[in-house]
Amino acid sequence: MVRIEISREVFRNDLYALVKAFLPAEEISIKVVPELLEQILLDTGLFTEPGEHDAKRYAYRLFFNDERLASFLLVDVSDTERVDMKNRLKRDLYHVLSKRFEKELPWGTLNGIRPTNMAKKCLESGLSADETKEYMRSTYLVSDEKNDLAVDIAEREIRILSGFRHNGYSLYIGIPFCPTTCLYCSFTSYPIGAWASRVDQYLDCVEKEIRFTAEAFKDQTLDTIYVGGGTPTTLTPDQFERLFTCLEKELDLSHLKEFTVESGRPDSITIEKLRVMKKHGVTRLSVNPQTMKDETLKLIGRHHSVDDVRRAFVDAREVGFDNINMDMILGLPGETDDDVRNTVEEIKKLGPDDLTVHSLAIKRASRLAEVIDKMGYDCIHTTDNTMKIAEQGAKDMGLVPYYLYRQKNISGNFENTGYSRPGKEGLYNILMMEEVQSIVAIGAGTVTKRLLDDGNTVRCDTHKDVELYMNEIDEMVARKRKLFMD
Ligand code: SF4
C-alpha cells in the first residue's frame, strides 16, 4: 500500500503515474493534507509566517506501508518554472523509488503516450540527435536504449511526414463488432453473433457520416483510410461491398496513399472478403495472431487457432496483398520467454511486412484485471528480455521501427512499437499518433481530432454504445459539423 500526501492538488496525476509505474500491483492512495506544508517547512527550518508566498509552495510526503519513503518541498514555484519544477520533483521521486525498490524504468519519468514526439520536437527545433538524447536523459532519465529507439523513430517519422501536403486529412471508420471478446479488451466491442441483424442499420449511420465528411472536406485531400474496430472483417462480403462503394461514390480517393482494413481476427477472414477488399483498392491488412500458442489463444478468449492465422495470412498473400501487418502481445498471462521466442519464429516463417509489438496493457474495464486478481501479477511476464526477443525477431525479418506509443498501465512500463519494411510503414498510424493532420473518425466509440492552425487539436467523440450511436446519429453528425464548420 502506497500513501501519498500532498499539500495541494498540484502534480497529483504525475506523482500517481510514476509511483504506479514502479509499483503496478500496489494500491495507491493520494490525500490532500493542507497542514503538510507547514509541517515540512518546520522540519526543514524554512518556516516563515504564512503569507502570499505560500501559494507558490507545495509539499509532498510518500509512505510505503508504514515506512516514510520521502518528503519533498517545492518553494517559489513561478508559472514559468512550473514545468521545470515538476520534472525536478519527478526526478527526485524517481531516484527515491529506484533506490528503495532496486528498479529502473526504461522511459525514466516520461509517462506520456508519445515519447517519440518529445524527440521529434527537439530534432525539429534544431537539436542534433546527440543533443536530443542528452536532453531526454537529463530531463526525463530515459535509458540509453530507449533514447536510441526514440530518436531513430523520430528521424524516420520526420522523413515520412515531409511527404504529406498541409491540407490533407485521414479517415477512420470503426466497426465495433467482434467474433468474441478478448480477455484484455477495453475497446468498443459487441459480439457479432448477437448484433448481425443490426449491422446494416449501423452501416446506414456510417454512410451518413461519410456523406457529411464529403461535404465538410470537399476542398481537402484524403491521404489515408483506416477501417478498424472491433473487427471490420465481421462484415459480410456484401456489407464490405456496400461500405467501399459508398466511399468511392462520396469521396475523392484519387490521392489516397494508404487504405488499411484491420482484419484482426483470422477466424473472420475469408477469401471472398479478401477479394472484395482487393477489388476496392485496400492496400494494407492486419492479420493479428497476438500469440502463436494455441493454449494462450484459448485463455485470452480468441476462438481461433494458430493454424487459422497461417491460413488467413497465406490467403491474403494469394489474393495479392503485399503489405500485411501482424500484431503480437508481450506479457499475455502465463507466457514465458520461450513462448515469445516461438511466436516470433512462427511469424518470421510467414514473413509479414509490418510487425506491431504490444506490451500488454491492463485496463480496469477488462476481464484481464479479474484474472490478474486471481492469478497474481506475476503471471504477466513482460521484461527487458521479451522486448529484446521481439526486437531481434523484427530485425531478422528485415523490419525497422517506425512508430511507437505507450498506454496507461502498460506492463513493465514498456511501449508498443511498430516495425516495418522500409516503404511499408503504416502511414495512418504515424499521422494519428503525431497529430499532424485532422482525423475524421466515423462510427461508435470513435474520437475525431481537428488540427488547428496553431498546431493544437480539438476533439469530439461519438457514443460508445452502438444503440445510442444509431439512435442519435444526427446528433453525432451535428457534433462534427460544429467541430469543423462553425
Ligand atoms: S479483437 Fe480487439 S476489439 Fe475485438 S474483442 Fe479483441 S481486443 Fe477487443
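Tabulated values for the structure
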item	result
Failed item, numbered, when LEU399 is tested on (1) within 16 Å of the ligand (Cβ to nearest atom); (2) in contact (Cβ under 8 Å) with a residue 40 or more places away in the chain; (3) in contact with an Asp or Glu (Cβ under 9 Å, 6 or more places away or on another chain)	(1)
Test: residue in region 236-259 that is within 15 Å of the ligand (Cβ to nearest atom), in contact with a strand residue (DSSP E or B) (Cβ under 7 Å, 6 or more places away or on another chain) and of a type outside the set (D, E, K, R)	no
Which numbered condition LEU149 fails, given (1) more than 23 Å from VAL447 (Cβ to Cβ); (2) within 16 Å of the ligand (Cβ to nearest atom)	(2)
Failed condition for SER162, given (1) without any contact (Cβ under 8 Å) to a residue 12 or more places away in the chain; (2) more than 16 Å from the ligand (Cβ to nearest atom); (3) more than 30 Å from SER128 (Cβ to Cβ)	(3)
Qualifying strands (runs of 3 or more DSSP E) (wholly inside region 395-486; at least 3 residues being closer than 30 Å to LEU203 by Cβ, of a type in the set (A, V, I, L, M, F, W, C) and open to solvent by less than 20 Å² (accessible area, probe 1.4 Å))	438-442
Residues of region 60-80 that turn out to be in contact with a helix residue (DSSP H, G or I) (Cβ under 9 Å, 6 or more places away or on another chain) and outside any loop (DSSP other than H, G, I, E, B), as a count	11
Restricting region 231-259 to residues that are in contact with a helix residue (DSSP H, G or I) (Cβ under 6 Å, 6 or more places away or on another chain) and β-branched (Val, Ile, Thr), the residue that is farthest from PHE164 (Cα to Cα)	THR234
LYS208 vs. criteria away from the ligand (no atom under 16 Å from the Cβ), over 25 Å from the mean Cα position of the chain (by Cα), without any contact (Cβ under 8 Å) to a residue 60 or more places away in the chain and over 30 Å from CYS122 (Cβ atoms)	no
Hits in region 349-391 - residues which are open to solvent by 60 Å² or more (accessible area, probe 1.4 Å) and closer than 21 Å to VAL306 by Cβ	LYS349, HIS381
Residue that is least open to solvent (accessible area, probe 1.4 Å) [pool: residues in region 113-141 that are charged (D, E, K, R) and more than 23 Å from MET432 (Cβ to Cβ)]	LYS133
Helices (runs of 4 or more DSSP H) lying entirely in region 113-167 (those with 2 or more residues that are among the acidic types (Asp, Glu) and under 22 Å from the mean Cα position of the chain (by Cα))	144-161
Test: residue in region 219-233 that is at pLDDT below 95, open to solvent by 20 Å² or more (accessible area, probe 1.4 Å) and within 26 Å of ASP307 (Cα to Cα)	yes
One residue from ASP144, ASP152 being open to solvent by less than 60 Å² (accessible area, probe 1.4 Å) and among the acidic types (Asp, Glu)	ASP152
Filter result for VAL227 (assigned to a strand (DSSP E or B) and either within 14 Å of the ligand (Cβ to nearest atom) or in the same structural domain as ALA119 (by TED's automatic domain parsing) (or both))	yes
Contacts under 8 angstrom Cβ, first residue in region 230-254 being without any contact (Cβ under 8 Å) to a residue 40 or more places away in the chain and assigned to a helix (DSSP H, G or I), partner within 16 Å of the ligand (Cβ to nearest atom) and of a type in the set (Val, Ile, Thr), 6 or more apart	none
Matching residues in region 175-204 - criterion: being more than 10 Å from the ligand (Cβ to nearest atom) and either under 27 Å from LEU330 (Cβ atoms) or open to solvent by less than 10 Å² (accessible area, probe 1.4 Å) (or both)	VAL199, TYR202, LEU203
Every residue from region 445-479 that is more than 24 Å from SER162 (Cα to Cα), touching a Ser or Thr at 6+ places or on another chain (Cβ under 6 Å) and touching a residue at least 24 places away in the same chain (Cβ under 8 Å)	GLY445, THR446, LYS464, TYR469, MET476
Residue among THR213, THR231, THR221, THR236 that alone is within 24 Å of the chain's Cα centre (by Cα) and not small (Gly, Ala, Ser)	THR231
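The values are calculated or read from the model by the stated rules, or taken from the named source; none is laboratory data. Quick caveat: nothing in here was measured; it's all calculated off a predicted structure. Cβ atoms come from the backbone with ideal geometry, glycine included; neighbour counts cover every protein chain shown. Remember, those area values only see protein heavy atoms, side chains included, never the ligands or the DNA or RNA. Shrake-Rupley method; radii C 1.70, N 1.55, O 1.52, S 1.80 Å.
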